[in-house]
Amino acid sequence: MTDAIPLILASASPYRRALLQRLGVAFECLSPDIDETPAPGEAAETLVRRLARAKAEAVAAHRPACLIIASDQVAVQDGEILTKPGNRARAQRQLAAMAGREVRFLTGLCVLNGRSGNLHEDCVVVTVTFRALTTEEIDRYLEADSPYDCAGSFKSESLGIALLSGMAAPDPTALVGLPLIRLAGMLRSEGLPVP
């Protein structure tokens, strides 16, 4: 790449912004306006890949000469997609159902080069095992972390990590919503030096 291409994170998420800052690249954030409703019968991996790509394309429509990063995440337990709870009651129900169980977090990742049209896509899966949780522990956790805007009702980057008994991950940053190992490779393939 002969001249620097502007880098945009297609997200308003403070968690994703903080993760991308770890790579030491200059970027701006633009929040895409897309419908995130799953299609009837849509598989979780298909959903997160589709939404990540739709977010990148929505931002590219307004900023076509940029390199755009987008991601989307859902949690899956027993084949059921768990999205952001939105409120305390739903978060309590999600965490109670996940207690003592294994849950998969799928993060779709898309990098779209608006100049060349190059498109990179992937889905990174992290499997976590929640320990047995009492109602009191769940309530204390929700009071402390307020994870109502997080898939699966917990924040692994803060107190939520104490809810787990184990994790299997090719990239632990995927659990927060932006898989940096895979993303760094995509950015390098587009000529962005990372590090």
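Bear in mind these aren't lab numbers, they're just calculated from the coordinates by the rules spelled out. Bear in mind that the values here come from a model prediction, so they are computed numbers and not experimental data. Reconstructed Cβ throughout: ideal geometry from the backbone, glycine too, with neighbour counts over all protein chains shown.
Take the convex hull of the alpha carbons in segment 7-189; its mean projected area over all directions comes to 10.0 nm². Indicate, rounded to the nearest 5 percent, the antiparallel portion of the DSSP beta bridges found entirely in segment 7-189. Of the beta bridges lying entirely in segment 7-189, close to 85 percent run antiparallel. Farthest towards the positive end of the charge dipole of the chain, among the residues Ala61, Asn118, Ala96, is the Cα of Asn118, using unit charges on the Cβ of Lys, Arg, Asp and Glu. Within the listed set Pro147, Pro170, Pro14, the residue fluctuating most in the Gaussian network model of the chain (springs between alpha-carbon atoms under 10 angstrom) is Pro14. Only DSSP H runs of four or more residues enter the estimate; each adds -39500 (n - 2.57), and after division by the residues of the chain the mean residue ellipticity at 222 nm equals -9500 deg cm²/dmol. A simple charge model with +1 on the Cβ of Lys and Arg, -1 on the Cβ of Asp and Glu and nothing else charged puts the dipole of the chain at about 220 debye relative to its Cα centre. What separates the Cα centres of segment 6-51 and segment 151-195 is a distance of 13 Å. Think of each Lys and Arg Cβ as +1 and each Asp and Glu Cβ as -1; about the Cα centre, that makes the dipole of segment 6-103 roughly 360 debye. The 3J(HN,Hα) values that the Karplus relation (6.51, -1.76, 1.60; θ = phi - 60°) gives for segment 124-136 are, in residue order, 10, 10, 10, 9, 10, 10, 7, 7, 4, 10, 7, 4, 5 Hz. Gly and Pro appear as x.
Tally Lys and Arg at +1 and Asp and Glu at -1 over the other residues with C-beta under 10 Å from the C-beta of Leu178: what net charge comes out? Net charge in that neighbourhood comes out at +3. Couplings for segment 10-17, taken from phi via the Karplus curve 6.51 cos²θ - 1.76 cosθ + 1.60 with θ = phi - 60°, read 7, 6, 9, 5, x, 5, 5, 4 Hz in order; Gly and Pro are left as x. A Gaussian network model of the chain, with springs between Cα atoms under 10 Å, assigns the largest mean-square fluctuation among Leu67, Leu112, Leu159 to Leu159. The HN-Hα couplings worked out from phi for segment 182-194 by the Karplus form 6.51 cos²θ - 1.76 cosθ + 1.60 (θ = phi - 60°) are 5, 4, 4, x, 5, 5, 4, 5, 9, x, 8, x, 10 Hz, whole numbers, x standing for Gly and Pro.
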